[in-house]
Every structure is written in C-alpha cells, then in structure tokens.
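What follows is a single structure, written as structure tokens, with notes after it.
The values are calculated or read from the model by the stated rules, or taken from the named source; none is laboratory data. Note that the structure is a prediction, hence the values are computed from the model and not measured. Glycine gets a Cβ as well: all are built from the backbone with ideal geometry, and neighbour counts include every protein chain shown.
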Amino acid sequence: MQLEVIVLRDVGPRNSGTITVKLIGSLNTATAPELERQLAPVLAGEATEVVFDLAHLKFISSAGLRVFSIARKQLKARGGQASFVHLQPQIQEVFDIMEALPGIAIFKSVAELDQYLAARQRCHTDPE
Amino acid sequence: MKKLSDCRVLLVDDAKANLDILVEGLKSDHKLSLALNGEMALQSAIHTSPDLVLLDIVMPGLDGYEVCRRLRQRPETAEVPIMFLSSLEEVQNKTRGFEAGANDYLTKPFDMLEVKARVRSLLKAKAYTDAVKEQIASELRVAREIQMGMLPHDFAALERVYPVRFGAVLEPAREVGGDLYGVCAAGPERLVVFLGDVSGKSLPASLFMVRVISLARLLSREIAEPGRILARLNDEVTSDNPSGMFVTFLCGVFVPSSGRFTLANGGHCRPVLLPASGAPRWAVKKLGTALGFEPGLEFERTELMLSEGDTLIFYTDGVSEAFNPQEECYGSQRLLADAGSLAHQSAPAIAAGLLQKVRDFAGVAPQSDDIAILTLKVGRNGASSSRQEGGPMDEVRYRRDADENVLQLTKRLFQGGQLTIT
C-alpha cells in the first residue's frame with residue numbers, strides 16, 4: 001500500500017501559521033522516506049504548529065513513528081508542537097508507546113484541536 | 001566477477017534457421033541454451049539459470065511478450081536480462097516489449113556484430129550487479145553471525161545456579177534485525193531479564209540494537225531496580241540520536257529466594273504470565289513510553305510474585321502482528337490462547353511452540369517483522385541452595401568478572417564523555 005502526503009497551509013483567522021499534513025495510505029519502511037522528503041521544507045521553515053491528520057492513515061510501522069518523532073523533536077526545539085488528529089484505533093495502539101511525551105498532542109476531532117490551537121496562540125500573543 | 005565466457009545465454013526462436021545463425025555467432029563467446037517455443041523457454045530458464053535471454057516475439061503458443069512477463073513474475077528469473085529479437089519493427093511493438101519487462105529490443109534482420117556487442121553489454125551489467133549483490137549478501141551474513149553471537153543461546157550455566165529455565169528464539173525478517181534479548185546474572189539473588197525491539201528493520205535497526213544491548217548489559221549489573229535501568233538506558237540512547245531511532249524495551253529483575261519479579265516497561269508489548277494453574281494473562285497493565293524519544297523520563301514498575309511452574313513470556317510484535325495471506329493479524333487474543341495451550345511444557349518448548357503457532361498462522365505469507373520470544377519458567381525454589389564450591393557458580397562469577405573488566409574499560413574510554421557509568 002502506498003502513501004499520499006498532502007501539505008496544507010491553513011490561512012484561516014484561527015489557525016494562521018498552522019500547517020496541516022494529511023496522510024493517506026500506509027506509513028511503513030517503504031513509504032517513510034517519502035514523508036521525510038515532503039516534511040523537510042515544512043520543518044526547515046518557520047512553522048511551529050504542525051497538525052498531522054491521520055483520518056485516512058490505515059497502517060503505521062515503527063519506521064513511520066520515527067519520522068513523527070524527528071518532527072516532534074525539531075518543532076519542540078523552537079517552541080512548537082506536533083499535533084495528531086483522527087487516529088484510527090490501530091494507529092492509536094502504535095501511538096501508545098509515545099505516551100505522554102512533551103511536545104506531542106493527540107486530538108479526537110478537528111474542533112477539539114482548533115480550540116486547543118486557539119488557546120495556545122492566545123498565550124503567545126497575549127501575555128495574560 | 002563472472003567471466004563473460006562463463007555466462008549462459010538462452011536463445012528462443014521458433015525458426016530453427018534463426019537459432020542456427022545465433023548459435024554460430026555466439027557459440028565461441030558464451031555458453032548457450034536453446035528453446036524452440038515459449039513453453040520450452042520457461043522450462044529452460046528455470047533449469048539452466050541463464051544470464052541473458054534472447055527472445056523472439058511471434059511464436060506459436062506462448063508469444064515472446066507472454067514469456068517475458070512470466071519470467072518477470074517468477075522470483076528465480078525476475079531479474080534476468082531479456083532482449084527481444086523480432087521482425088516487428090513498429091514503435092508500438094517495441095514499447096510493448098519494454099512494458100512486458102525487456103531490457104533491450106533489436107529488430108530483424110540484424111547484424112551479428114551488433115547482437116554480439118549488445119549481448120556483451122547486457123552480460124557485463126548483469127555480472128556487475130551480481131557481484132555487488134553477492135558482496136552485500138556476504139557482508140550481511142557475517143553481520144548476522146556477529147549479531148546472533150550477542151544473544152545468549154545456551155542458558156545451562158545460569159540454570160545450574162538459578163531455579164529457572166529459559167527458552168529463546170529469534171528470527172530476523174532480513175539477515176540482521178533490531179530485536180534483542182538478554183539474561184544477566186547480576187548477583188546470587190538478582191537475575192536481570194530484558195527484551196527489546198528497535199524501530200525499523202535490517203541494517204539501521206541492527207546498529208542501534210548493538211548500542212542498546214551493550215548498554216543494557218552494563219546497566220543491568222550496575223542498577224538494581226528495572227525502572228531505573230530503563231530511565232538510564234533511555235537517557236543514554238536519547239543523546240546523539242539524530243535519526244530519531246527508538247527501542248521498545250522490557251526489563252525484569254527476579255529475586256529467586258522470594259519469587260519476586262519486578263518489571264518495568266518502555267513501550268513494549270505486554271508480556272504474558274502463564275501461571276502453573278489458571279488462565280494466561282498480561283503481566284503488566286501499561287505500555288509506558290519507548291526509549292529514545294525524550295531524556296529524563298520515569299518508568300513505572302509492576303511487581304509479580306512467581307512460584308514454581310509459573311512462566312513469563314516476553315516477545316516482540318513480530319509475534320502479535322504476524323499476518324496471514326488473508327492479511328489478518330495474529331493478535332493478542334490468539335497469543336493468549338496459544339500460550340495457554342503450551343502452559344505445561346518446558347521453557348524452550350513454550351518458546352519453540354509459540355513460534356510454530358505463529359508460523360502455522362502466517363502460512364505462506366512472508367515474515368514482515370523480526371520475531372523474538374524469551375520464556376522464563378520458575379523451577380523448584382531452593383535450587384539455588386544446591387550450589388557447590390568451585391561448581392557452576394564460579395563459572396557464572398567468572399563471566400561476571402569478564403563483564404566487569406569490560407565495564408572498567410568502558411568507564412575509562414568514556415571518561416568525561418557521553419556515557420557515564422555510575
């Protein structure tokens with residue numbers, strides 16, 4: 001099974017600066033380098049909030065998790081965060097081994113994620 | 001590299017006259033096999049392993065395109081170079097030939113000099129690829145021996161001293177892999193058991209595996225508590241880890257006199273506790289976080305009281321996530337049930353039996369991940385009191401001394417560096 005990667009730059013008023021990466025298919029040893037290649041410009045840029053939408057991710061292996069781990073580390077280094085939304089049950093199971101890592105956030109729905117991102121951005125722009 | 005004169009060329013044409021011309025032109029340069037139709041060509045390709053196939057297209061029965069496709073489908077002939085020799089000279093015919101998997105296409109009538117030049121060119125490329133493949137394969141074979149040598153296979157010395165029996169199997173999906181396990185005699189009343197699974201497969205995983213297993217052995221002797229062993233190991237493998245590798249790791253410390261087995265889990269699949277009587281169950285509740293992501297993590301511990309006949313099964317997800325040809329997963333429920341059916345067997349028989357159950361389930365589906373299983377069965381308590389002076393304990397102590405020498409050496413090597421042994 002192949003992997004399709006779609007990188008979207010959100011320009012809405014609530015999530016300005018957030019980059020959404022949609023993954024479709026299977027993230028494994030064979031397809032992980034493709035995601036790494038597509039993420040490189042995103043991580044080299046200024047983005048601090050990267051949201052991975054995994055609604056259509058059918059399978060993830062540890063090689064795939066490694067790519068997320070690198071992204072998390074790079075974003076965290078500049079005060080950013082990697083968020084994950086719409087994890088299918090089999091994906092959630094693999095994510096359990098990244099349990100409670102700082103600099104990683106997992107959300108059930110986009111609404112929950114939006115609320116969180118808005119709060120985070122208020123913190124950055126408004127010291128109160 | 002194979003000499004061109006040792007290379008075998010399979011010539012396929014339904015017109016004997018054409019074959020005669022090719023034989024005449026090539027017989028002094030290469031070994032030859034002949035086939036007068038598609039069926040014969042497929043048979044010959046299997047039996048004589050040619051280095052090159054010269055293939056006619058228009059033949060009764062299987063045509064050249066179909067022969068080419070079938071050769072590509074069979075693993076034995078999937079990579080043999082194929083050149084079409086055909087009177088069909090339309091560009092559509094040539095395109096179709098390349099789409100069927102051909103490496104080259106020459107139209108009839110041909111000049112023998114050109115055929116010979118192209119044959120040599122294709123054979124040289126094949127010989128070069130074969131040589132590179134063989135070199136990688138032989139290096140991997142040695143790497144596999146080195147890696148297997150790092151894993152304990154003979155537990156007899158330990159079993160004479162501690163009242164436990166061990167079983168272990170490890171099968172990498174490729175030549176080398178990222179699964180690891182170990183058993184360390186850390187003291188007369190302290191036996192450390194660990195098992196881990198490095199992210200990914202093959203060479204990168206195996207290099208990280210070597211780092212993890214070496215550190216785990218040292219830390220097992222230095223630190224009493226499994227949660228602390230995990231915390232230290234995590235700190236060590238998290239530093240200088242640019243490629244973001246990680247390892248799921250399970251560590252347990254067994255105190256034979258009390259039967260207390262303390263476990264800590266770094267993101268690994270939950271071990272199975274197979275009681276002497278009663279149903280199999282998970283030995284720990286939580287997965288915890290894998291090692292390598294973030295320094296400074298803490299790990300929860302779980303305490304079990306083991307008695308005679310109880311067995312613990314540590315395994316990697318190559319077991320629980322084995323797939324059959326219908327793409328169904330072996331899964332944790334099947335694992336518990338199969339483990340239960342093996343409860344009354346010995347530790348090695350449980351490990352081997354479980355591996356067999358997974359293989360039976362997977363059937364002809366290729367093994368997709370490394371598989372490791374380590375079993376520990378508690379024997380009669382007090383077996384440790386049968387120690388004799390100058391007996392087996394000395395043997396174990398000797399090994400400890402050897403490891404302590406390594407520890408001292410490592411301390412000196414890494415003095416002031418990344419690795420600090422406390």
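B:Gly227 meets the stated requirement of being more than 22 Å from the chain's Cα centre (by Cα), under 18 Å from B:Thr248 (Cβ atoms) and surrounded by fewer than 24 Cβ atoms within 10 Å (Cβ to Cβ).
Restricted to the range B:96-190, the set of strands (runs of 3 or more DSSP E) holding at least 3 residues that are within 30 Å of B:Gln73 (Cβ to Cβ) and not aromatic (Phe, Trp, Tyr) comprises B:104-107. No other residue among A:Ile70, A:Ile97 is free of Cβ contacts under 8 Å to residues at least 40 places away in the same chain, aliphatic (A, V, I, L, M), closer than 24 Å to B:Gly331 by Cβ and not in a loop (DSSP other than H, G, I, E, B) apart from A:Ile97. With respect to the conditions (1) out of contact with any His (no Cβ under 8 Å at 6 or more places or on another chain); (2) part of a loop (DSSP other than H, G, I, E, B); (3) within 30 Å of B:Glu189 (Cβ to Cβ); (4) within 14 Å of chain A (Cβ to nearest Cβ), B:Ala276 falls short on a single one, namely (4).
Here is a yes/no grid of residues against (1) under 19 Å from B:Thr289 (Cα atoms); (2) of a type in the set (Lys, Arg); (3) in a helix (DSSP H, G or I):
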site	(1), (2), (3)
B:Leu215	yes, no, yes
B:Arg221	no, yes, yes
B:Asn234	yes, no, yes
B:Gly252	yes, no, no
B:Asn265	yes, no, no
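Just to be sure before I move on: is B:Tyr315 in the same structural domain as B:Ala264 (by TED's automatic domain parsing), aromatic (Phe, Trp, Tyr) and touching a Pro at 6+ places or on another chain (Cβ under 8 Å) in the structure I sent?
Details: in the same structural domain as B:Ala264 (by TED's automatic domain parsing): yes; aromatic (Phe, Trp, Tyr): yes; touching a Pro at 6+ places or on another chain (Cβ under 8 Å): yes.
Yes; evaluated as a whole, the condition is true for this residue.
Would you check if B:Gly187 is surrounded by fewer than 22 Cβ atoms within 10 Å (Cβ to Cβ), farther than 30 Å from B:His344 by Cβ and modelled with pLDDT under 90? Yes.
Could you please let me know if A:Val51 is at pLDDT 90 or above and either over 11 Å from the mean Cα position of the chain (by Cα) or surrounded by 15 or more Cβ atoms within 10 Å (Cβ to Cβ) (or both)?
Working: at pLDDT 90 or above: yes; either over 11 Å from the mean Cα position of the chain (by Cα) or surrounded by 15 or more Cβ atoms within 10 Å (Cβ to Cβ) (or both): yes.
For A:Val51, the condition - at pLDDT 90 or above and either over 11 Å from the mean Cα position of the chain (by Cα) or surrounded by 15 or more Cβ atoms within 10 Å (Cβ to Cβ) (or both) - is met.
Hey, any hits in the range A:107-124 for a residue that's within 14 Å of chain B (Cβ to nearest Cβ), without any contact (Cβ under 8 Å) to a residue 40 or more places away in the chain and over 14 Å from the mean Cα position of the chain (by Cα)? The answer is no; no qualifying residue exists.
Taking the range B:213-257 as the range and being more than 18 Å from A:Ile97 (Cβ to Cβ), away from chain A (no Cβ under 14 Å) and among the acidic types (Asp, Glu) as the test, the residues that pass are B:Glu222, B:Glu225, B:Glu236. Counting residues in the range B:281-295 that are touching a Gly at 6+ places or on another chain (Cβ under 8 Å), away from every other protein chain (no Cβ under 12 Å) and not basic (Lys, Arg) gives zero. Criterion applied to B:Thr311, B:Thr289, B:Thr238 was being at pLDDT 95 or above and of a type in the set (Ser, Thr, Tyr), and the one residue passing it is B:Thr311.
Of the residues making up the range B:111-146, those that are more than 18 Å from the chain's Cα centre (by Cα) and among the small types (Gly, Ala, Ser) are B:Ala117, B:Ser121, B:Ala125, B:Ala127, B:Ala131.
Only a single criterion out of (1) over 14 Å from A:Lys22 (Cα atoms); (2) within 14 Å of chain B (Cβ to nearest Cβ) is not satisfied by A:Ala82, namely (1).
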